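J.: This structure is in structure tokens; I'll ask about it shortly.
The values are calculated or read from the model by the stated rules, or taken from the named source; none is laboratory data. Everything numeric here is computed off the predicted structure, so don't read it as measured data. FYI the Cβ positions are ideal-geometry reconstructions off the backbone, even for glycines, and counts take in every protein chain you see. Heavy atoms of the whole protein, side chains included, go into the accessibility calculation; ligands, DNA and RNA do not. Shrake-Rupley method; radii C 1.70, N 1.55, O 1.52, S 1.80 Å.
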Amino acid sequence: MTSEEYIQLEDTYGASNYKPLDVVIARAEGIWVWDVEGKKYLDFLSAYSALNQGHCHPKIYQAMVEQGKRVTLTSRAFRNDQLGSFYKILSEISGLPRVLPMNSGAEAVETAIKAVRKWAYKIKGVPENQAEVIFCANNFHGRTITIISASTEEQYKDGFGPLTPGFKIIPYGDSRALEEAITPNTAAFIVEPIQGEGGIIVPPAGYLKEAEEICRRHNVLLICDEIQTGLGRTGKMFAIEHEQVHPDGLTVGKALSGGFYPISAFLATEELMSVFNPGDHGSTFGGNPLAAAIGKAALQVLLEENLASRAAEMGAYFMEKLSALNSPHVKEVRGKGLLIGVELKPEAGGARRFCEALKDEGILAKETHETIIRFAPPLIITKEDIDWAMEGIARVLA
Ligand SMILES: *Cc1c(COP(=O)(O)O)cnc(C)c1O
């Protein structure tokens, strides 16, 4: 079958909730993918940072196959011999003592929202059904009804009401606004260290640390959503480490499996996680032994290959090259580590046509918010790979 035929097949039977670039990927390895005609591309999206370890990493694959032969699913009605050691490594790398495993990122965020609400009622003493959670404008935390209720993106909410109440929105990067929004009923502030889907928005230096201090002062929980920024992407294992921030809760997902399996988790302090009692919350697949084995291997690869420091080094190199392009179309190059956004000028005619042109150069990147091209390759990328890609990027942005 040709690419055309595969596309036709998808478009005939599928829902139209995505508008993908028309490249039909049949094979992948490391930073590279191949389409059904055998054309090779460098993957600069990494499945929205879910492939930090690179495609089809052999060690993660091995762990998946080994575990797949032994036991894949027990449900949490029984225990399994993989989960405890998965918790341990997640807890050790994050500094948070307790782990609650889920599957998708959105489920980890839902878990965080349930936890902070229950904490507000059971521990802080907020009157029943009065808890408020503060979110930032331009956030992205997932697609469930509750999570879109805290979104400021009209399209995400349009037609999906009635929405979940109890959320307040403040501008991103503005710690004064956070302090002003807090009331005695505030449970938590949930924030991304860098807004990924929002267009690679890096807040002012010190913002997260100030937010932490404000939250402490007012007995409000700080929850950082590191589903995209975590696991090495920004040059540290977690982006909160750039400012030595210690949140009460953290959500992780995406690269937690290196692309093999949907795995997410909510990590929290003893006090916050203590609100969950047997029967309060759960998931049939959450914490299954296959996921735990894959998750452990994915984290081991991040540690063994020093992928966080690679992201710092390669990110600095790549960002310098991008900034030196002096393209007439580019307004700003920004980011941290290998989470990089190139914002085009409004008159450039939108990022989509540039992404289409990059595709013809063998470079897969995806626009976000019409005018921003995101460059977020697997963290195993080398300087030689970046040099190769810069030639195509330079041609397209010239
Ligand atoms: C991708 C993402 C999510 C949602 O993850 P899914 O696995 O798509 O549900 C939540 N928060 C952030 C910051 C993300 O980037």
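J.: Being open to solvent by less than 50 Å² (accessible area, probe 1.4 Å) and outside any helix (DSSP H, G or I) narrows it down to one residue among 373, 386; which is it? Steps first, answer last, please.
T.: Details: 386 fails: outside any helix (DSSP H, G or I).
Selected residue: 373, the only one of 373, 386 that is open to solvent by less than 50 Å² (accessible area, probe 1.4 Å) and outside any helix (DSSP H, G or I).
J.: Looking at region 226-238 only, could you name the residues that are within 13 Å of the ligand (Cβ to nearest atom) and open to solvent by 10 Å² or more (accessible area, probe 1.4 Å)? Steps first, answer last, please.
T.: So the first thing to find is which residues in region 226-238 are within 13 Å of the ligand (Cβ to nearest atom), and the list is 226-231, 233-234, 238.
Of everything in region 226-238, those that are within 13 Å of the ligand (Cβ to nearest atom) and open to solvent by 10 Å² or more (accessible area, probe 1.4 Å) turn out to be 227, 228.
J.: Let me spell it out: the conditions are (1) over 25 Å from residue 131 (Cα atoms); (2) open to solvent by 20 Å² or more (accessible area, probe 1.4 Å), and residue 199 meets all of them except one. Which number is the exception?
T.: (2)
J.: Could you pull out the residue among 333, 342 that is in contact with a strand residue (DSSP E or B) (Cβ under 6 Å, 6 or more places away or on another chain), at pLDDT 95 or above and open to solvent by 30 Å² or more (accessible area, probe 1.4 Å)?
T.: Numbers: 342 fails: open to solvent by 30 Å² or more (accessible area, probe 1.4 Å).
It is 333.
J.: Filter region 36-65 for residues that are within 19 Å of the chain's Cα centre (by Cα) and of a type in the set (Phe, Trp, Tyr) and give the result.
T.: Those that are within 19 Å of the chain's Cα centre (by Cα) and of a type in the set (Phe, Trp, Tyr): 44, 48.
J.: In addition: Can you find even one residue in region 11-28 that is buried (at least 16 other Cβ atoms within 10 Å of the Cβ) and closer than 19 Å to residue 386 by Cα?
T.: Within region 11-28, one or more residues are buried (at least 16 other Cβ atoms within 10 Å of the Cβ) and closer than 19 Å to residue 386 by Cα.
J.: Right, here's the next one. Which is outside the structural domain of residue 246 (by TED's automatic domain parsing), crowded, with 16+ Cβ neighbours inside 10 Å, in contact with a helix residue (DSSP H, G or I) (Cβ under 7 Å, 6 or more places away or on another chain) and in a loop (DSSP other than H, G, I, E, B), of 80, 52? Quick ask: steps written out before the conclusion?
T.: Working: 80 fails: outside the structural domain of residue 246 (by TED's automatic domain parsing).
Going through 80, 52 in turn, the sole match is 52.
J.: Have a look at 114, 69, 88, 118 and point out the one that is more than 16 Å from the ligand (Cβ to nearest atom), in contact (Cβ under 8 Å) with a residue 24 or more places away in the chain, open to solvent by 50 Å² or more (accessible area, probe 1.4 Å) and not in a loop (DSSP other than H, G, I, E, B). Quick ask: steps written out before the conclusion?
T.: Details: 114 fails: more than 16 Å from the ligand (Cβ to nearest atom); 69 fails: in contact (Cβ under 8 Å) with a residue 24 or more places away in the chain; 88 fails: in contact (Cβ under 8 Å) with a residue 24 or more places away in the chain.
The conditions single out 118.
J.: Also: Name every residue in region 257-294 that is open to solvent by less than 20 Å² (accessible area, probe 1.4 Å) and either without any contact (Cβ under 8 Å) to a residue 60 or more places away in the chain or on the phi > 0 side of the Ramachandran plot (or both), in order of residue number.
T.: Passing the criteria: 258, 287.
J.: Do the conditions hold for residue 144, that is, is it under 28 Å from residue 202 (Cβ atoms), modelled with pLDDT of 95 or more, surrounded by fewer than 20 Cβ atoms within 10 Å (Cβ to Cβ) and touching a strand residue (DSSP E or B) at 6+ places or on another chain (Cβ under 8 Å)? So that I can check it myself, show each step before the final result.
T.: Numbers: under 28 Å from residue 202 (Cβ atoms): yes; modelled with pLDDT of 95 or more: yes; surrounded by fewer than 20 Cβ atoms within 10 Å (Cβ to Cβ): yes; touching a strand residue (DSSP E or B) at 6+ places or on another chain (Cβ under 8 Å): no.
The answer is no for residue 144.
J.: Separate question: Among the residues in region 253-273, are any out of contact with any helix residue (DSSP H, G or I) (no Cβ under 7 Å at 6 or more places or on another chain) and either closer than 20 Å to residue 376 by Cβ or within 12 Å of the ligand (Cβ to nearest atom) (or both)?
T.: yes
J.: Given the condition of a type in the set (S, T, N, Q), within 30 Å of residue 351 (Cα to Cα) and either modelled with pLDDT under 95 or in a strand (DSSP E or B) (or both), answer yes or no: does some residue in region 184-197 qualify? Can you show your working first?
T.: So in region 184-197, the residues of a type in the set (S, T, N, Q) come out as 185-186, 195.
Within this subset, residues satisfying the condition of being within 30 Å of residue 351 (Cα to Cα) are 195.
Narrowing the set further to residues that are either modelled with pLDDT under 95 or in a strand (DSSP E or B) (or both) leaves 195.
Checked region 184-197: at least one residue is of a type in the set (S, T, N, Q), within 30 Å of residue 351 (Cα to Cα) and either modelled with pLDDT under 95 or in a strand (DSSP E or B) (or both).
J.: I would also like to ask the following. Hey, any hits in region 203-221 for a residue that's touching a residue at least 12 places away in the same chain (Cβ under 8 Å), assigned by TED's automatic domain parsing to the domain that holds residue 87, within 15 Å of the ligand (Cβ to nearest atom) and polar (S, T, N, Q)?
T.: Checked region 203-221: no residue is touching a residue at least 12 places away in the same chain (Cβ under 8 Å), assigned by TED's automatic domain parsing to the domain that holds residue 87, within 15 Å of the ligand (Cβ to nearest atom) and polar (S, T, N, Q).
J.: Please specify each residue of region 165-174 satisfying the condition of being open to solvent by 20 Å² or more (accessible area, probe 1.4 Å) and not in a loop (DSSP other than H, G, I, E, B).
T.: 167, 168, 169
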